[in-house]
1. Over 32 Å between Cα atoms: which of K234/K279; K416/K574; K390/K475 fall into that group?
2. Roughly how far apart, in whole Å, are the Cα centres of region 99-163 and region 535-599?
3. Cα to Cα, under 17 Å, and not fewer than 8 places away if on the same chain: which aspartates and glutamates meet these conditions relative to K480?
4. Given a Förster distance of 60 angstrom, what is the FRET efficiency for T628 paired with F457, based on the Cβ-Cβ distance and rounded to 0.05?
5. By the gyration tensor of its Cα atoms, with a ≥ b ≥ c the square roots of the eigenvalues, what is the shape of region 387-497: rounded for a/c under 1.5, prolate for a/b over b/c, or oblate?
6. In terms of the Cα gyration tensor, with a ≥ b ≥ c the square roots of its eigenvalues, is the chain rounded because a/c is under 1.5, prolate because a/b exceeds b/c, or oblate?
7. Only helices at least 15 Å long along their own axis, judged from Cα atoms, and with Kyte-Doolittle mean hydropathy of 0.5 or greater: name those in the chain from DSSP H.
8. Helix-only mean residue ellipticity at 222 nm, the chain, DSSP H runs n ≥ 4 weighted -39,500 (n - 2.57), per residue, nearest 500. What is it?
Amino acid sequence: MSFLTPLFLLGGAAIALPILFHLIRRTTREKVPFSSLMFLRQSPPRVTRRSRLENIFLLLLRCLVFILLALGFARPFLQRPMAPYPAGSNLRQRIVLLDHSASMRRSGLWDNAQDRLRDLLGASATDEVALLAFSRQVTTLVDFEEWNATPQSERMPMALDRTRSAAPGWGDTDVAHALVTALERLEEQATKEVAGHREIILLSDLQSGAHLEALQGMEWPTDIHLRLETLTPKQEGNAGFQALPDQPFMPGAARDETLRIRVQNASDTDQDRFQLAWKQIDGETALGPPIDVYVPAGQSRVLSLTWPSNAASAASLVLEGDPQDFDNRHFLIPPRDQTHPLLFLGLDAPEDPNALLFYLTRAFPGVGGQRIEVVARTGDAPFPADTLEKARLLIVSGSPGGDAVDRARRFLDAGKTVLHVLRSTNDAPALGRLLGQTLTLTEASLPNYAMLESLDFRHPLLLPFADPQFNDFTKIHFWKVRQVDTNGLPDVQVVASFDNGAPALLQVGVGDGQLFVLTTGWHPADSQLALSSKFVPLLFAFMEVSGSLSFRPDHYVVGSTVAAPDNLQEPSWKVRRPDGTEVSIDAGQPFTETDTPGIYTILTTPPAAFAVNLDWRESRTSPLPEDTLEQLGLPLTPPEDPDPLQTAAEKQAWHATELERNQKLWQWLVLAALLVLITESWVAGRLSRAPVGEAGG
């Protein structure tokens, strides 16, 4: 039998205490009548040569309790030989994480990483090693099985050859994802009975822009070591820049053709003067004179630049004066408006303040280049074919006359959305033709006004108002309300109701489309809706529910996913990469090969271009503070190899710990001590109640 903590065996010496107590002579139990003891001095019991042990069985029980507790705390286990390791298995398991993100393109970093990796692999020829390269994603270069199956003399050349194909790309540095992946790989290997030293070695420049968010709150395993091999470039410092989002603009105002650019400079640099220059996509042909920029170390500056008039459909912006040039080029698509048509059928005059169209045309501000164009027609005037094809929402005001209702019904049958605003009870025939049945409308009798009372905030149309600070509609008064009998309507949903119980907004499925019916108008004769703060958000909600506001972004970062074009009819679609190669993607599948900065073109009719740029966080190359990982709970080990003898001892200690943990003999010893203690208490109780003459000696 062996012990995991043998020092606790010294606790067995405590058996001397019950022996000593038993040797101390006690006051005699015999009682002799005596007149008074107040003038006599009591002598304490003492150990003498004449002392002898009494109650031997009780003494043995008490000594046994101490012995059992000492054995239990010493964590005993039955020794068994360690299972032999399979061929190729070694004392250590190591996963080397090699950073090949964009920031590793800085001068000297990749060569430094290759040299450091060569030293690590040379010292690990007899160990189990896996080599992983990481940036935004993790790529396996050499796994444990391939390493063990390769002869020792060929392992390092094989691994170094694999790293040549994993030269730094353009992805951002996701350290958290890499560490989590490495932990999962080691946990998978734990089932192979491989003991001893398990280690993750992180080869990275560990810049301050690295992603560490996923490490917060994670509990790191105590038996896995983390070792940092921090790489430093030949020249410190770096400057980078990013394009900021467009500013909102109002319709009727001149389109702001400027771009906001934020230039940031690292804190470990002595360079503070740069130039920004517009150039063609090739990065060589200048499109105008450069712009001087002064950015002190550790600070940033925001500039407004005008898009060059002689630029084509795309251009690049180059930062000059920065010796680290991996992030000094940004590809841009010129600012352009994306127009989304909103169709309107009615007899309203655009400049009549008592009509619906007057408020509709003034309700939509352009945001970030997104314009909503209200295209109004009377009953007989047709919409332009391309506008009708692109539009997803049609608003019908009352009874527009002519064949307008029939065209609205065809719009519904095409799977699109129609909002019919009832202006009077005379609109019953038009609504009936949209629904395909006969309806009767009545004017509701109101004391003064009606208010919205019952609203379904779970409906997508009202979901933007679900928050308590936005869901108060009681300040909007409605002067006129038309009542619709919903009993004969199939597939009808009441989205909102007035306080008198009459429906305010209905949704009915018609063909493949959706028909919304608003039983009152938003013009002043019917309500205060157009003058309330809820009017514009409600119209935007109609646009979103109908799918009218779907648009394709122009700018992505490396590694982003680009969705397939809308309304694609072909079985596949193609994208031309910056190097000229074309990639074919199945219909409905996204494009994921955005691994290089540049201008990509979707080969549709007409073609659509989008820009892919480096994640701006890669430009934050200042070293990460050393205690950042420790603050996240990651145990860091010194950057030197452990002593092989110490590793073997750790291996033996791990094996002993596993044996003791599985056998758990200490629990039985503690249980036995408890039973002996109960027996001792029972025996001591019997002896204390026994007559004097029956006491054992």
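1. Details: K234/K279 29 Å; K416/K574 28 Å; K390/K475 36 Å.
The pairs that break the limit, which is 32 Å between Cα atoms, are K390/K475.
2. Taking the Cα centre of each part, region 99-163 and region 535-599 sit 36 Å apart.
3. D427, E443, E453, D499, D526
4. Efficiency at R0 = 60 Å is approximately 0.90.
5. oblate
6. Oblate, because a/c is 1.5 or more while a/b does not exceed b/c.
7. Working: long enough: 56-73 (26 Å, 2.86); 109-122 (20 Å, -0.77); 152-164 (20 Å, -1.36); 175-189 (21 Å, 0.19); 535-546 (17 Å, 1.85); 644-663 (29 Å, -1.26); 665-689 (37 Å, 1.11).
For the chain, where a helix must reach 15 Å along its axis and average at least 0.5, the hits are 56-73, 535-546, 665-689.
8. It comes out at -7500 deg cm²/dmol, rounded to the nearest 500.
Read-outs throughout are calculated quantities, based only on the coordinates presented, and are distinct from any laboratory measurement. This is a predicted model, so every value here is computed, not measured. Counting neighbours? That spans all protein chains shown, and the Cβs are built from the backbone with ideal geometry, glycine included.
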